[in-house]
Amino acid sequence: MKYRQQEKQEEILFGAAYYPEYMPCDRMEEDLEQMRAMGMNVIRVAESTWSSLEPTEGVFDFSWIDHILEAAERHHMKVIVGTPTYAIPAWLAKKDPDVMIRTRKGQASYGHRQIFDITNPTFLAACESVIRALIEHVAGHPAVIGYQVDNETKHFDVASATAQMRFVEYLKEKFGTTEALNDAFYLRYWSNSIARWEDFPDMAGCCHAGLSCEFERFQRKLAADFLAWQAELIREYSREDQFITHNLDFEWKKFGADIAQDGYSYGVQPGINHAEVDECLDISGTDIYHPTQDDATGAEVAFGGDIIRSLKQEPYLILETEAQAFKYWTPYPGQMRLDAISHLASGACGILYWNWHSIHNGFETYWKGILSHDLLPNPVSRELGTVGTDLKRIGADHLVIRKKNRAAIVVDNHSLSAMNWHPTDRDLSYNDVFRWMYDSLYEMNIECDVIDVTRLETDPYDLILVPELYSATEETIDKLRRFAAEGGVLLATFRSFFSDEYLSVYPDLAPHGLTECFGISYQQFTEPGRTTIDGRPVKYFMELLTPGTADVLHAYEHPYWSAYAAVTRNVYQKGTAYYVGCYLEKDQLKGVLRQAAAEAGIPADAFAASWPLVHRSGVNTAGLTVHYLMNYSERPVFATCPFEHCRDLFSGQEYTAGEEIRLADWGAAALEEM
C-alpha cells in the first residue's frame, strides 16, 4: 500500500463533514474560523455532490470545491475528499433507466441515494469520468490529505440481469459443472437442479438457502470490488502522502417507526464484508451511531471500534458519528466529551462528526449537526470545543493507542445470511447473539478483537469465542480444534458448526467435527417452554446436549429435559473447550465467560470495575500504557488506582497506588502510567 499509519502521528484528526453547497448563505469563513477555535483541523467534503460537480454529462464545475480548498488552506484545515458516487444525478438516470437498481423486489425509482446498479456499464463509465476529473483536479492541493471512496457502500441487493449473468460466471468458475453445483446446494429438491448453465433461473424466486446465501456472498464481493476499483482510479492521481479510506458501517437496529433516522449501529453489516473491503484501504474508517441520554452505554462505540481496529490492528478513523442528530439523541451535558474519549479508548486516531451544520431542507432536515438551524454556538459545539482544545494540547503521541488483545470473537457474514433464512428464533438474530456475547465481555471490561472468520489466525489469542457460526468449513473447524488441542481456550454457542460453506447440514452428530473437542454431542434442539436454569427461564432456543467427557456447568431444569446439559466444559488435550447450548441470562453467561477468561490466563480488570465504569487500555506512540476510564452513568463513580504512579492526561492530576479516582457523571479520564 502507498500509505500506512505512521508510527508518529502528527495530530489527532478532529472535525466534521462540511457541505457549504447545502447552505442558504455563504458563511464559509465564519464556519472555518469557528471550527479552528474549537480545535478542529479537518473537514470531509464532496461525497454527495455529483450533480453539483457535473450538472450535465461531461460538463464539470469545480469552482465551489476550489473555494473550499482555498479557504481550508487559509485556515490551516485539512481536507478529506469523497468520491461523489453514492448519490447519482438525474441526468444519469434519464440517460439509462437501467442505472436504477433492480433488486429481487423490483426496480427503484430515482430520488434517494444508493439506488444504483453497481454492475451497470453506463453507471460505471459515469463514475470513472467524475472520479478521474475530480481527483485529477484536487490531488495537487496541499490541503487535501486523503480520499474517501463512496459512502457506506453495500450491495443494496443488486439483482439486475447483469449482476445475475455475472453470478452465473462466478458459479461456473467455482463449481465447473452443473452437476457439482446441484450437489453442493442439493438443488434436486423441488426440481431446482439444472442440466445446462443457460437454464439457471432468476434468483428472485430462489428457495434454497445455500444458493441464496451464495448469491449474497457474491453480492458482497461486487460491492467490495466496486470500492477497490474506485481506490485504484484514485491511486493513478494521488500523492504518496495521501491516504484512501472508506466509512464502513454496521447493521442498523431500528427501535421505532420504519424510518432511517430511527435506530443506531447495532451489529455485523450484512451488505458488505469489512475484511474484503479493507484490502483496498490505507486507513480503516467507519461510521458509528449510538444511543445517548439514558440509553448511552458505550457498547456501540466499543464494538464498532473493535471490529474496525481489528481489520489492520492499527488506529482507525471515525468518519461519522452523531452530534445532536434526531430527538432521541440530543445529548446530556458531558456525553459528547465522553463519547469522543470512548472512541480514543477503542483505538481511533481521528473523530469527525456528521455534520457541521443542520440541513435546512431535504430528507435529513431534522438529523441535526453540530450547529442547529440557527447556525449559532450551542451546548454541543461548546462541549466539543473543550474536546478539540484538549486533543490539540495533549497530542496524538499520548492519546492514540494500539492494543494487543488476548481474546477474540469470530464473526461471519455468511452465517449471518444463513440465520436470516433459518433463524434461531423470530426474536433472536445473528447480531443479537453476537451482541449478547460482546456486550457481556464489554460490561466485564474484558477487551477483545473481532475477527472475520476468513481472516482467523489463532496464534495471537489465548481465548477464542465463536457465537452462532452456523456455516463452518472443515478448514475452520480444524483450525479451532488445533487451537484447543495446543492449549487455547475455545468457547462456542448453540447453532455453531452445523453446516458447510454451502449451508448443507453435516450428516453426523453435532457439533460437526468437534464432538470430541467439546466432549458433547446432540441430536435434538427445542423451544425452551417452561425450562429453567438455576430457577431462571431459558429463552428462545436450547440444544439437548449429551455430555461425554465434558463436565456439566449448567443443566436444564424440566421434567423431561433435565437429563441434558445446557453448558459444558471439556479438557481437550492441552486446552479447554466450553459449549453454551442455549441463550442464558446475561449474568449467567458472564459467569461462564469469567471462568473461561481466567482459564485462558486473562487477568481480571485492574480496577475491579464493571459497567457503568468502563476501562479500556493500550500503548501509545510514546511507548507508555494509557488506561481510559469512562463513567456511563449520571452518578459519580469511584475507582482505586492500582498503579504505582499515573497521570490523567486531561486534568493533569496524578495518582499513586491506593488513591481514589473520582469520575463525575458521564465523566472520563486517560491515565498514563509514569
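Since every read-out is calculated from the coordinates, none of them should be taken as a lab result. Here the structure is a predicted model, which is why all the values come from computation and not from measurement. Every residue, glycine among them, receives a Cβ derived from its backbone with ideal geometry; neighbour counts consider all protein chains shown.
Give the long-range amide H neighbours of T640: residues separated by 5 or more places, or on another chain, with amide H under 5 Å away, using H modelled in the peptide plane at 1.01 Å from N.
Excluding prolines and chain starts, which carry no amide H, the hits are I661.
Can you put M336, M38, M674 in order, fewest other beta carbons within 10 Å first? Please list the in-between numbers first.
Numbers: M336 26, M38 23, M674 12.
The fewest-first ordering by Cβ neighbours comes to M674, M38, M336.
Quickly work out the A657-to-K95 label distance, labels modelled 7 Å from Cα along the C-beta direction, and quote it in nm with one decimal.
About 7.0 nm, to one decimal.
Quick one: grab the alpha carbon gyration tensor of segment 191-315, order the square roots of its eigenvalues as a ≥ b ≥ c, and give me rounded if a/c is under 1.5, else prolate or oblate depending on whether a/b is larger than b/c.
Details: a/c = 2.65, a/b = 1.25, b/c = 2.12.
It is oblate, given that a/c is not under 1.5 and a/b is not larger than b/c.
Report, by chain and number, residues whose modeled amide H sits under 5 Å from the one on T103, excluding near sequence neighbours (fewer than 5 apart, same chain).
When sequence neighbours closer than 5 places are left aside, the close amide H contacts are A108, A159.
Which whole-Hz ³J(HN,Hα) couplings does segment 321-329 yield from phi under the Karplus relation 6.51 cos²θ - 1.76 cosθ + 1.60, θ = phi - 60°, glycine and proline marked x?
The phi angles translate into 8, 6, 9, 8, 6, 8, 4, 6, 10 Hz.
Rounded if a/c is under 1.5, else prolate if a/b beats b/c, else oblate: with a ≥ b ≥ c from the C-alpha gyration tensor eigenvalues square-rooted, which is segment 297-448? Present the calculation step by step, with values, prior to reporting the outcome.
On the way: a/c = 2.38, a/b = 1.35, b/c = 1.76.
Judged from the Cα gyration tensor, segment 297-448 comes out oblate (a/c at least 1.5, b/c at or above a/b).
Any number yet on Rg/Rh for segment 258-374, C-alpha, Kirkwood? Don't jump to the answer; show the numbers that get you there.
Details: Rg = 14.4 Å, Rh = 14.9 Å.
Across segment 258-374, the Cα-based Rg/Rh ratio is 0.97.
Take segment 493-558, drop everything but the C-alpha atoms, weight them equally and run the Debye formula without solvent; then report log10 I(q)/I(0) at 0.17, 0.22, 0.26 Å⁻¹ to two decimals.
The computed values of log10 I(q)/I(0) come out as -0.66, -0.98, -1.18.
Give the lysines reachable from K539 as a straight Cα distance under 19 Å; neighbours fewer than 8 places away on the same chain don't count.
K586, K590
Sort largest first and round to whole Å: the equivalent ellipsoid semi-axes of segment 407-599, each the square root of five times a Cα gyration tensor eigenvalue. Numbers along the way, then the final one.
Details: eigenvalues 97, 70, 61 Å².
Output for segment 407-599: semi-axes of 22, 19, 17 Å.
Residues in segment 354-387 near a label at S51, defined as backbone nitrogen under 14 Å from the 7 Å Cα→Cβ point?
Within reach of a label on S51, which here means backbone N under 14 Å from a point 7 Å along Cα→Cβ, segment 354-387 contributes 361-364.
Can you tally the net charge around V614? Count Lys and Arg as +1, Asp and Glu as -1, for every other residue whose Cβ sits under 11 Å from the Cβ of V614.
-2
Can you list residues from other chains, or at least 5 along the same chain, whose modelled amide H is less than 5 Å from the amide H of M542?
Under 5 Å from the amide H of M542 lie the amide H atoms of T526, each far enough along the sequence or on another chain.
Mean separation of Cα pairs under 8 Å and 6+ residues apart, divided by the residue count of the chain: what relative contact order is that in percent? Could the numbers behind the result be given before it?
On the way: 1418 pairs, mean separation 73.1, N = 674.
In percent, rounded to a whole number, it is 11.
Taking 8 Å as the Cα distance limit and 6 or more residues as the minimum spacing, I'd like the relative contact order of segment 161-213 as a percentage.
Numbers: 27 pairs, mean separation 16.0, N = 53.
Over segment 161-213, the number comes to 30 percent.
Could you size up the charge dipole of the chain around its Cα centre, putting +1 on the beta carbon of Lys and Arg and -1 on that of Asp and Glu, and report it in debye to the nearest 20? Spell out each step's value before the answer.
Numbers: 59 positive and 99 negative charges, 134 e Å.
Charge dipole of the chain: 640 debye, to the nearest 20.
Step through the residues of segment 406-412 one at a time and calculate ³J(HN,Hα) from phi using the Karplus curve (6.51 cos²θ - 1.76 cosθ + 1.60, θ = phi - 60°), rounding each to whole Hz and writing x for Gly and Pro.
9, 10, 9, 9, 8, 10, 8
Among C280, C646, which comes first, then next, by fewest other beta-carbon atoms within 10 Å?
Numbers: C280 20, C646 25.
Listed from fewest to most nearby Cβ atoms, that is C280, C646.
Quickly estimate the mean residue ellipticity at 222 nm for the chain, helices only: each DSSP H run with n ≥ 4 gives -39500 (n - 2.57), and the total goes over all residues, rounded to 500.
Helix contribution divided over all residues of the chain: -9000 deg cm²/dmol.
Using Cα pairs under 8 angstrom and six or more residues apart, how large is the relative contact order of segment 417-556, in percent? Numbers along the way, then the final one.
Numbers: 174 pairs, mean separation 26.0, N = 140.
Normalised by residue count, the contact order of segment 417-556 is 19 percent.
Between T386 and D551, how many nm apart are label points set 7 Å from Cα along the C-beta direction?
Inter-label distance under the simple model: 4.9 nm.
If the chain between H112 and V571 were fully stretched, how many nm would it gain, using 0.36 nm times the residue separation less the Cα-Cα distance? Intermediate results must be reported in sequence, preceding the final value.
On the way: separation 459, 0.36 × 459 = 165.24 nm, distance 5.52 nm.
Stretched out fully, the H112 to V571 stretch lengthens by 159.7 nm.
Is segment 369-418 best put as rounded, prolate or oblate by its Cα gyration tensor, with a ≥ b ≥ c the root eigenvalues, rounded for a/c under 1.5, and otherwise prolate when a/b is larger than b/c, oblate when not? Don't skip to the end; give the middle numbers.
On the way: a/c = 5.68, a/b = 1.57, b/c = 3.63.
Oblate.
Work out the charge dipole of segment 30-114 with +1 on the Cβ of Lys and Arg and -1 on the Cβ of Asp and Glu about the Cα centre, then indicate which of A72, A108, G82 is farthest towards its positive end.
Farthest along the dipole direction, towards plus: A108.
Arrange E654, E468 by Cβ neighbour counts within 10 Å, fewest through most, would you? If you can, show how the numbers build up before the last one.
Details: E654 14, E468 27.
Fewest-to-most Cβ neighbours within 10 Å comes out as E654, E468.
So, R0 is 51 Å and r is the distance between the beta-carbons of Y366 and Y189; what FRET efficiency does that work out to, to 0.05? List each step's numbers first, then the result.
On the way: r = 49 Å, r/R0 = 0.96.
E between Y366 and Y189, to the nearest 0.05, is 0.55.
Please give, to one decimal in nm, the separation of the simple spin-label points placed at K539 and F62, each 7 Å out from Cα toward the Cβ.
For the pair K539/F62, the computed spacing is 5.5 nm.
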